[in-house]
Amino acid sequence: MAWSRSLLKRPLKYRHAARAWVEVSRLFLLADIVLGLPGCSSFGPPSLDRDRFDYVNAISSSWKQQTLLNIVKMRYADTPVFLDVGQIISGYQLQGAVTVGASLNSASVVGDILNLGSAATYTDRPTITYTPLTGAHFLQVMITPVPPPNLLRLSQEGWPIDMLLQIGAQSINGISNRKGGARGHAAEPDFVRLLAALQRLQGSGILGLRVEVSKESKQEGTVMVISQKELPPEYQADRDLVRKLLGLRPDLQEFKVVSGNVSGKDDTIAIQTRSGFQILNLLGSNVEVPPEHIAEGRTYPEIVEPAGTQSLPPLIKIHAETSCPADAFATVKYRDYCYWIDDRDYRSKGVFTFLMIIMTLAETGEKAQPPVVTIQGN
């Protein structure tokens, strides 16, 4: 304050110059503070929450589109292609600059010119590595049937056994399930009755599964347990129906589950499971296609269920329209049409998500090192 009052005692031109230099000093102090900010805090940690969830959502949406596209392509006998996201490297760069300029005129305050300028540059350049799923290993995964223990183990985790078998089993002790594709057919009536009875038994706690490991071969095996305890009449009827349809001994409660079409034994259940290609083909048969595509021979007609017989509910409903709805669960464009799954169709969403688990269950052994495609995103 004393220094400021002393300026008032000096001539006017000196007071102008002193006041201007005070302003310049303040500007340089402000510039020093601004330039020092990046060094006071880290730019990386605050971006962790945002980046993790943004990339999770982006990968999830991309996976849904890719899976839906491959299901639709199977309906048109087109080649399914899978491209996995192998690695994501995201790099950030933040640069800042502050400029200070002054033009002083001691004769008049009006002539003094003070400038403060700033500039900042933010750059986000993610590097995303894509892995095409090709080669002998991928083919082996796609054509290898899901092992029965892997499929049935999921029922112990709460998955409905009727949905598991409708998706993953082609036949059980010779009773055929629905088959997809151009030469597809509906499920046998006994298969429909069998799944319904198994589901009711599972819901009541009468049906159980146990996974065992052989001491000799070290391989896993599955045992289906059907309780022998006294049951209400409706559950007793379901238990008797399962044993009758599968040709099982009524005095046993544990039955070995093996891979195959027909067991030929009254204490064994043979399940012929499906491969990844068969499952995609099956789901592709549930795609609604434009009538003109069928008339032009671009795809096969829908599988017609026999009249007057009980049939299995569709595993998934994939609609086709000229435009995509805004609130769909998954959408993809193909052949000038939008194919989509309704977000309010809980069963279709569950089967669609379950497809990823089924494909993983068919995988055995170590993955081969495939080629990669790296794209620098600017």
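Volume of the convex hull of the stretch 152-210 (Cα atoms only), normalised per residue: 78 Å³.
Just want to confirm a number: the relative contact order over the stretch 171-273, from Cα pairs under 8 angstrom separated by 6+ residues, in percent.
Numbers: 156 pairs, mean separation 28.5, N = 103.
Across the stretch 171-273, relative contact order equals 28 percent.
Over all directions, how big on average is the projection of the convex hull of the alpha-carbon atoms in the stretch 171-273, in square nanometres? Intermediate results must be reported in sequence, preceding the final value.
Details: hull surface 30.2 nm².
The directionally averaged projection comes out at 7.6 nm².
Cβ-to-Cβ counts within 10 Å put ASP267, ASP336, ASP84, ASP238 in ascending order as ASP336, ASP267, ASP84, ASP238, the fewest first.
Every read-out reported here was derived from the displayed coordinates using simple, explicitly stated rules and does not represent laboratory data. Computed from a prediction, not measured in an experiment: that's the story for all the values here. Cβ coordinates were reconstructed from backbone atoms using ideal geometry, including for glycine residues, and neighbour counts include every protein chain displayed.
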